[in-house]
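Each value in this text was obtained by applying a stated rule to the coordinates, not by laboratory testing. This is a predicted model, so every value here is computed, not measured. In this analysis, Cβ positions are derived from the backbone assuming ideal geometry, glycine residues included, and neighbour counts consider all displayed protein chains.
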Amino acid sequence: MALYQQVKDFISRKIQEGTWRAGDRLPSEHELVAQFGISRMTVNRALRELMEQGRIVRVAGVGSFVAEDKPQSTLLQIANLASEIRQRGHDYRCDMLSVERVSATLEVAAALDLRMGASVFHSLCLHRENGVPVQLEDRYVSPQQAPEFIAQDFSHIPPSEYLIRNAPFDQVEHVVDAVLPTPEQAAWLEMPATEPCLQLTRRTWSRTVPVTLVRCLHPATRYRLGSRFRTDGNTVIG
């Protein structure tokens, strides 16, 4: 095993076992050099790769610390974000920013198989975990597939949950991009506009007819996306 990998495995094991918890300070580079009898360059590589993997946070002139765990949402299914957050024992809140009828842009019309300028529903909401914004949801809905969407009181049920109940889908497409938020998006997410976000773009269909196009923007420092599945394509639970 490469020397830097030994350091990575040592630190990862301590974190996995719970010996070092989120926020705990790690041994200094000098201490790790002495412990493993290796060069500072090798230790630095191990710490740098752990930081890139999101396991630790490095603060110049201060040291390295165990990173906070970032919640993970599935990619293969449409996750119920409210349920995920509550299952972690945390408070969930959805702030509706707008619900309106708009004219479809060329991009939205193409995604929903409508003519440009056609009437579509548009909703914008902010999902919070323990009061902290974790997702900005920007959604367009085909009126033909969910005609009552705009009349709903989304203070009781989020738009995604309403659509799952009232406009069932049989196909879903997910695309993930790394993007920088606009100044307005950064303000809603309460984050610097210079920090990256993970953008999950989703489209759903019912009997080959598009239902919705939604972009979910997540601050990369607070959230991650992933799935575990078997070779037959089914997700693994637990």
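Key figures for this structure:
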item	result
Spin-label zone in segment 140-154 - amide nitrogen under 17 Å from a point set 7 Å from the Cα of ALA118 along the C-beta vector	140-150
nm² value of the averaged projected area, convex hull over the Cα atoms of segment 92-170	5.5
Per-selection Rg to Rh, the chain - Cα, Kirkwood hydrodynamic radius	1.07
Potential lengthening between VAL132 and THR182 on full extension [0.36 nm per residue; Cα-Cα distance subtracted]	16.1 nm
Dimensionless Rg ratio for segment 122-165, taking C-alpha atoms and the 2.2 N^0.38 Å reference	1.22
In sequence order, calculated HN-Hα J values of segment 88-105 (Karplus, 6.51, -1.76, 1.60; Hz; x Gly/Pro)	7, x, 9, 7, 10, 8, 10, 9, 7, 8, 6, 9, 8, 9, 10, 8, 5, 6
Percent RCO, i.e. relative contact order, over the chain, from Cα pairs under 8 Å lying at least 6 residues apart	16
Computed helical MRE - 222 nm, the chain, DSSP H runs ≥ 4 contributing -39500 (n - 2.57), nearest 500	-8000 deg cm²/dmol
Computed log₁₀ I(q)/I(0) - Debye formula, equal Cα scatterers, no solvent, segment 5-136, q 0.14, 0.22 Å⁻¹	-0.80, -1.23
Within segment 43-69, backbone nitrogen closer than 20 Å to the virtual label 7 Å beyond the Cα of LEU3 toward Cβ	43-51
